[in-house]
Every structure is written in structure tokens, then in C-alpha cells.
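K.L.:
Let me begin by handing over the structure; questions about it come next.
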Amino acid sequence: MKNEDRAQRAEAALAAYQGRDAGDTLADNIVDLVTDLLHLAHQNDIESDYVTQLAQKHYDAEVEGEASL
């Protein structure tokens, strides 16, 4: 999967999720979604640090992997 496809998949998830307040930016909505996902992780005994650190590693590897193509 290409990173553009990953971004489009995330955009679709955000579109299904959003209850955008007037004046919210895309960044505001992304932060709200990520925050709510961390709440979901917490409710399921998944550490937020684990989620954020592993997500950052995946992101870095995917960006690096596509840059090397």
C-alpha cells in the first residue's frame, strides 16, 4: 500500500468520525480523533505510549520505505 492510499484511508475514517465544530481545522479534527482513539485504547487496557510510539515507528518506516522506491 502506498502512503497516499494510507492517507486516503485515514481521511475516510476521519470523514466518518467527524462532528466538526465550526472553525475547526483539519489538524483540530485529526487531534480529536487520535485523542478519542487513545481513550478507546485505555478502555481496553492498551497503553497510550505503546500506541503512539509504535504508530510513530510504523509511520517512519513507511515514509522511509516509500522514499527509497
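K.L.:
Calculate the radius of gyration of the Cα atoms of the range 19-69 to one decimal place, then report Dmax, the largest Cα-Cα distance, as a whole number, both in Å.
P.N.:
My reading of the Cα-based Rg and Dmax gives 14.2, 40 Å.
K.L.:
With a point put 7 Å past each Cα toward its Cβ, work out how far HIS42 is from GLU66 in nm, to one decimal.
P.N.:
For HIS42 paired with GLU66, the spin-label model returns 3.1 nm.
K.L.:
Select from the chain the helices, each a whole stretch of DSSP H, whose alpha-carbon atoms run 18 Å or more along the helix axis and whose Kyte-Doolittle mean is at least 0.5; answer none if there are none. Could you put the intermediate results ahead of the total?
P.N.:
Values: long enough: 3-17 (21 Å, -0.88); 26-43 (26 Å, 0.61); 48-67 (28 Å, -0.92).
In the chain, the long hydrophobic H runs are 26-43.
K.L.:
Helix-derived [θ] at 222 nm for the chain: sum -39500 (n - 2.57) over DSSP H runs of at least 4, divide by residue count, nearest 500?
P.N.:
Taken over the chain, the calculation gives -26000 deg cm²/dmol.
Every number in this text was worked out from the coordinates using simple rules, so none of it is lab data. Predicted model, so just to flag it, every value in this text is computed and none were measured. Every residue, glycine among them, receives a Cβ derived from its backbone with ideal geometry; neighbour counts consider all protein chains shown.
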